[in-house]
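The values are calculated or read from the model by the stated rules, or taken from the named source; none is laboratory data. Since the model is a prediction, treat every value here as computed from it, not as a measurement. Using ideal geometry, Cβ is built from the backbone for each residue, glycine included, and neighbour counts are taken over all protein chains shown. What goes into the accessible areas is simple: the full protein's heavy atoms, side chains included, and nothing from ligands, DNA or RNA. Shrake-Rupley method; radii C 1.70, N 1.55, O 1.52, S 1.80 Å.
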Amino acid sequence: MRLAAIFILALSIHLAFAQEAKSQTAAHEKSLIEKMRPQLMSILGEEWTVKLIGVDKSIPVDEVPMPKIPKVEDDAKSVAIYDKKADKIVLKLTPEQDQKYNYAYIKEVYEATRQTKPNDDEIGKMMNVLAQGGTREGVYRSMVLDSVYGGMENWDKPVKSVTADFAVYFYGKYFDKKIVKKSFEGMSIYTLKRLVAEKALEVADAFGDDRDGLERWYAIMSADLATRFPQIWTNATRRKTSALEHKTWASKVPVQHIKSELVIKIHSALNSMI
(Lines give C-alpha, C1' and ligand atoms only; values in the text may rest on other atoms or scores of the structure.)
Protein backbone atom coordinates (compact mmCIF):
# COMPACT_ATOMS: atom_id res chain seq x y z
CA MET A 1 0.00 0.00 0.00
CA ARG A 2 2.86 2.39 0.89
CA LEU A 3 4.68 1.64 -2.36
CA ALA A 4 1.46 2.19 -4.32
CA ALA A 5 0.94 5.54 -2.61
CA ILE A 6 4.53 6.54 -3.41
CA PHE A 7 4.06 5.53 -7.06
CA ILE A 8 0.89 7.61 -7.35
CA LEU A 9 2.58 10.58 -5.71
CA ALA A 10 5.61 10.23 -7.97
CA LEU A 11 3.36 10.20 -11.04
CA SER A 12 1.47 13.25 -9.79
CA ILE A 13 4.71 15.08 -9.15
CA HIS A 14 6.00 14.20 -12.63
CA LEU A 15 2.87 15.70 -14.15
CA ALA A 16 3.21 18.76 -11.91
CA PHE A 17 6.78 19.26 -13.12
CA ALA A 18 5.56 19.08 -16.71
CA GLN A 19 2.85 21.59 -16.00
CA GLU A 20 5.31 24.02 -14.41
CA ALA A 21 7.64 23.75 -17.39
CA LYS A 22 4.85 25.07 -19.61
CA SER A 23 3.95 27.93 -17.31
CA GLN A 24 5.46 31.35 -18.13
CA THR A 25 4.63 32.80 -14.72
CA ALA A 26 5.94 30.00 -12.54
CA ALA A 27 9.26 31.77 -12.03
CA HIS A 28 7.49 34.55 -10.19
CA GLU A 29 5.38 32.34 -7.94
CA LYS A 30 6.19 29.81 -5.27
CA SER A 31 6.84 26.47 -6.94
CA LEU A 32 3.87 24.13 -7.01
CA ILE A 33 6.25 21.36 -6.04
CA GLU A 34 7.47 23.31 -3.01
CA LYS A 35 3.88 23.92 -1.96
CA MET A 36 3.48 20.15 -1.86
CA ARG A 37 6.60 19.60 0.27
CA PRO A 38 4.97 19.94 3.74
CA GLN A 39 2.24 17.44 2.84
CA LEU A 40 4.78 15.01 1.38
CA MET A 41 6.96 15.35 4.48
CA SER A 42 4.05 14.50 6.77
CA ILE A 43 3.08 11.44 4.67
CA LEU A 44 6.42 10.07 3.49
CA GLY A 45 9.02 11.60 5.76
CA GLU A 46 12.11 13.57 4.71
CA GLU A 47 14.06 10.74 3.02
CA TRP A 48 11.34 9.82 0.48
CA THR A 49 10.35 13.46 -0.05
CA VAL A 50 13.93 14.34 -1.04
CA LYS A 51 14.10 11.30 -3.30
CA LEU A 52 10.93 12.38 -5.11
CA ILE A 53 11.36 16.15 -5.41
CA GLY A 54 14.93 16.87 -4.34
CA VAL A 55 16.26 19.00 -1.50
CA ASP A 56 14.60 22.21 -0.41
CA LYS A 57 16.79 24.83 -2.07
CA SER A 58 15.29 27.59 0.05
CA ILE A 59 17.14 26.30 3.12
CA PRO A 60 20.30 28.39 3.58
CA VAL A 61 23.45 26.29 3.24
CA ASP A 62 26.39 28.48 2.14
CA GLU A 63 25.56 31.85 3.65
CA VAL A 64 27.73 31.12 6.69
CA PRO A 65 30.37 28.35 6.56
CA MET A 66 29.63 25.47 8.92
CA PRO A 67 32.44 25.08 11.48
CA LYS A 68 33.94 21.74 12.39
CA ILE A 69 31.65 20.20 15.00
CA PRO A 70 33.76 19.68 18.15
CA LYS A 71 33.93 16.31 19.85
CA VAL A 72 31.95 16.16 23.07
CA GLU A 73 33.99 14.97 26.05
CA ASP A 74 32.28 11.84 27.39
CA ASP A 75 34.78 11.16 30.17
CA ALA A 76 32.86 11.26 33.45
CA LYS A 77 36.13 12.02 35.27
CA SER A 78 36.90 15.05 33.13
CA VAL A 79 37.27 18.34 35.02
CA ALA A 80 37.07 20.49 31.87
CA ILE A 81 33.76 21.94 33.03
CA TYR A 82 35.61 23.65 35.89
CA ASP A 83 38.13 25.25 33.54
CA LYS A 84 35.60 27.41 31.69
CA LYS A 85 36.76 30.97 31.19
CA ALA A 86 34.58 33.99 31.85
CA ASP A 87 32.24 34.94 29.02
CA LYS A 88 33.76 37.41 26.58
CA ILE A 89 30.50 39.33 26.28
CA VAL A 90 28.64 40.85 29.19
CA LEU A 91 25.46 42.83 28.62
CA LYS A 92 25.24 46.14 30.46
CA LEU A 93 21.69 46.09 31.78
CA THR A 94 19.89 47.95 34.52
CA PRO A 95 18.36 45.76 37.26
CA GLU A 96 14.95 46.47 35.75
CA GLN A 97 16.06 45.39 32.26
CA ASP A 98 17.72 42.26 33.64
CA GLN A 99 14.55 41.34 35.50
CA LYS A 100 12.44 41.94 32.39
CA TYR A 101 14.59 39.67 30.20
CA ASN A 102 14.77 36.96 32.87
CA TYR A 103 10.99 36.99 33.23
CA ALA A 104 10.52 36.66 29.45
CA TYR A 105 13.01 33.79 29.28
CA ILE A 106 11.38 31.86 32.11
CA LYS A 107 7.95 32.09 30.50
CA GLU A 108 9.25 31.05 27.08
CA VAL A 109 11.40 28.16 28.21
CA TYR A 110 8.66 26.87 30.51
CA GLU A 111 6.07 26.93 27.74
CA ALA A 112 8.44 25.41 25.16
CA THR A 113 9.48 22.65 27.54
CA ARG A 114 6.18 21.78 29.22
CA GLN A 115 3.70 23.27 26.76
CA THR A 116 1.87 25.09 29.53
CA LYS A 117 2.17 28.45 31.26
CA PRO A 118 4.03 28.71 34.59
CA ASN A 119 2.15 29.97 37.63
CA ASP A 120 3.31 32.93 39.71
CA ASP A 121 4.98 30.73 42.32
CA GLU A 122 7.01 28.87 39.69
CA ILE A 123 8.07 32.12 38.03
CA GLY A 124 9.04 33.58 41.40
CA LYS A 125 11.27 30.63 42.30
CA MET A 126 13.10 30.71 38.97
CA MET A 127 13.45 34.50 39.03
CA ASN A 128 15.04 34.14 42.46
CA VAL A 129 17.52 31.57 41.12
CA LEU A 130 18.61 33.91 38.31
CA ALA A 131 18.77 36.92 40.65
CA GLN A 132 21.19 35.00 42.89
CA GLY A 133 23.57 34.25 40.03
CA GLY A 134 22.05 31.08 38.61
CA THR A 135 22.28 30.51 34.87
CA ARG A 136 19.61 30.21 32.20
CA GLU A 137 21.01 26.80 31.37
CA GLY A 138 20.65 25.78 35.02
CA VAL A 139 17.02 26.89 35.11
CA TYR A 140 16.31 24.82 32.00
CA ARG A 141 18.03 21.72 33.36
CA SER A 142 16.08 21.95 36.62
CA MET A 143 12.87 21.86 34.58
CA VAL A 144 13.64 18.77 32.50
CA LEU A 145 15.25 16.76 35.30
CA ASP A 146 12.45 17.09 37.84
CA SER A 147 9.59 14.69 38.57
CA VAL A 148 7.08 16.72 36.55
CA TYR A 149 8.97 16.35 33.29
CA GLY A 150 9.84 12.77 34.21
CA GLY A 151 6.11 12.11 34.38
CA MET A 152 5.61 13.70 30.96
CA GLU A 153 8.15 11.28 29.51
CA ASN A 154 5.86 8.45 30.59
CA TRP A 155 2.89 9.82 28.64
CA ASP A 156 1.73 7.87 25.59
CA LYS A 157 3.36 10.23 23.09
CA PRO A 158 5.75 8.16 20.95
CA VAL A 159 8.06 9.73 18.39
CA LYS A 160 6.41 9.79 14.96
CA SER A 161 8.16 8.53 11.85
CA VAL A 162 8.55 12.00 10.36
CA THR A 163 9.94 13.28 13.67
CA ALA A 164 12.46 10.44 13.77
CA ASP A 165 13.56 11.37 10.23
CA PHE A 166 14.12 14.94 11.38
CA ALA A 167 16.07 13.77 14.44
CA VAL A 168 18.37 11.62 12.27
CA TYR A 169 19.03 14.65 10.06
CA PHE A 170 19.56 16.98 13.04
CA TYR A 171 21.98 14.65 14.83
CA GLY A 172 24.00 14.22 11.66
CA LYS A 173 24.23 17.87 10.67
CA TYR A 174 24.57 19.62 14.01
CA PHE A 175 26.14 17.00 16.28
CA ASP A 176 28.20 15.13 13.64
CA LYS A 177 26.67 11.96 15.00
CA LYS A 178 25.27 9.16 12.87
CA ILE A 179 22.20 7.61 14.40
CA VAL A 180 19.72 5.16 12.93
CA LYS A 181 16.01 5.88 12.81
CA LYS A 182 15.25 2.67 14.65
CA SER A 183 16.92 4.18 17.73
CA PHE A 184 13.83 6.32 18.27
CA GLU A 185 11.31 3.45 18.08
CA GLY A 186 9.10 3.49 21.16
CA MET A 187 10.79 6.61 22.55
CA SER A 188 8.65 9.36 24.06
CA ILE A 189 8.69 12.65 22.18
CA TYR A 190 9.41 14.34 25.52
CA THR A 191 12.47 12.16 26.01
CA LEU A 192 13.64 13.02 22.50
CA LYS A 193 13.19 16.75 23.15
CA ARG A 194 15.32 16.50 26.29
CA LEU A 195 18.04 14.42 24.63
CA VAL A 196 18.37 16.69 21.58
CA ALA A 197 18.50 19.86 23.70
CA GLU A 198 21.02 18.26 26.08
CA LYS A 199 23.27 17.28 23.17
CA ALA A 200 23.04 20.81 21.75
CA LEU A 201 24.17 22.27 25.08
CA GLU A 202 27.06 19.80 25.21
CA VAL A 203 28.20 20.71 21.70
CA ALA A 204 27.93 24.41 22.56
CA ASP A 205 30.23 23.81 25.55
CA ALA A 206 32.61 21.76 23.41
CA PHE A 207 33.34 24.80 21.21
CA GLY A 208 35.23 26.20 24.21
CA ASP A 209 37.14 29.35 23.26
CA ASP A 210 36.08 29.08 19.62
CA ARG A 211 33.42 31.76 19.90
CA ASP A 212 33.23 32.29 16.13
CA GLY A 213 32.63 28.57 15.58
CA LEU A 214 29.85 28.53 18.17
CA GLU A 215 28.19 31.57 16.57
CA ARG A 216 28.32 30.06 13.07
CA TRP A 217 26.98 26.70 14.24
CA TYR A 218 24.15 28.39 16.13
CA ALA A 219 23.37 30.73 13.22
CA ILE A 220 23.11 27.95 10.62
CA MET A 221 20.91 25.90 12.94
CA SER A 222 18.66 28.91 13.65
CA ALA A 223 18.25 29.75 9.95
CA ASP A 224 17.50 26.09 9.23
CA LEU A 225 14.80 25.88 11.93
CA ALA A 226 13.29 29.19 10.83
CA THR A 227 12.99 27.86 7.27
CA ARG A 228 11.68 24.42 8.19
CA PHE A 229 9.16 25.62 10.77
CA PRO A 230 8.09 29.11 9.64
CA GLN A 231 4.63 28.86 11.19
CA ILE A 232 5.71 28.42 14.82
CA TRP A 233 7.83 31.53 15.45
CA THR A 234 6.18 34.68 16.81
CA ASN A 235 9.47 36.42 17.60
CA ALA A 236 10.73 38.43 14.60
CA THR A 237 14.37 37.45 15.12
CA ARG A 238 13.56 33.75 15.32
CA ARG A 239 11.64 33.98 12.04
CA LYS A 240 14.70 35.19 10.12
CA THR A 241 15.98 32.71 7.55
CA SER A 242 19.32 34.46 7.17
CA ALA A 243 22.20 32.74 8.95
CA LEU A 244 24.17 35.99 8.73
CA GLU A 245 21.51 37.81 10.73
CA HIS A 246 21.47 35.10 13.39
CA LYS A 247 25.26 35.22 13.61
CA THR A 248 25.16 38.99 14.05
CA TRP A 249 22.76 38.55 16.95
CA ALA A 250 24.84 35.78 18.53
CA SER A 251 28.00 37.87 18.33
CA LYS A 252 26.47 40.49 20.63
CA VAL A 253 25.09 38.35 23.46
CA PRO A 254 26.51 36.16 26.26
CA VAL A 255 26.82 32.41 25.70
CA GLN A 256 23.98 31.82 28.16
CA HIS A 257 21.64 33.74 25.84
CA ILE A 258 22.73 31.56 22.91
CA LYS A 259 22.10 28.46 25.02
CA SER A 260 18.67 29.70 26.06
CA GLU A 261 17.74 30.16 22.40
CA LEU A 262 19.00 26.67 21.58
CA VAL A 263 16.70 24.96 24.08
CA ILE A 264 13.68 27.10 23.23
CA LYS A 265 14.09 26.56 19.49
CA ILE A 266 14.70 22.82 19.71
CA HIS A 267 11.77 22.19 22.05
CA SER A 268 9.48 24.45 20.01
CA ALA A 269 10.38 22.76 16.72
CA LEU A 270 9.77 19.29 18.14
CA ASN A 271 6.55 20.44 19.84
CA SER A 272 5.18 21.25 16.39
CA MET A 273 5.72 17.60 15.39
CA ILE A 274 3.83 16.01 18.29
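What the table below lists for this structure:
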{"quantity": "Extension gain, E73 back to K107 (0.36 nm per residue minus Cα-Cα distance, nm)", "calculated": "9.1 nm"}
{"quantity": "Carbon/sulfur fraction of accessible area - the range 204-274, other protein chains in place, 1.4 Å, %", "calculated": "49"}
{"quantity": "Mean accessible surface per residue for the range 119-274, computed with a 1.4 Å probe while every protein chain stays in place, in Å²", "calculated": "44"}
{"quantity": "Pairs from K88/K178; K71/K117; K51/K178; K173/K240; K35/K199 whose Cα-Cα separation, in the structure shown, is over 28 Å", "calculated": "K88/K178; K71/K117; K35/K199"}
{"quantity": "Table column - 3J(HN,Hα) (Hz), the range 100-108, Karplus curve with 6.51, -1.76, 1.60, x for Gly and Pro", "calculated": "4, 5, 5, 4, 5, 5, 4, 4, 5"}
{"quantity": "Derived scalar couplings ³J(HN,Hα) [the range 114-130; Karplus, 6.51 cos²θ - 1.76 cosθ + 1.60; whole Hz; x for Gly, Pro]", "calculated": "9, 6, 8, 8, x, 8, 4, 5, 5, 4, x, 5, 6, 4, 5, 4, 5"}
{"quantity": "Neighbour cut-off at most 11 other Cβ (10 Å), DSSP loop, trypsin sites (Lys or Arg not before Pro), the range 181-274", "calculated": "K252"}
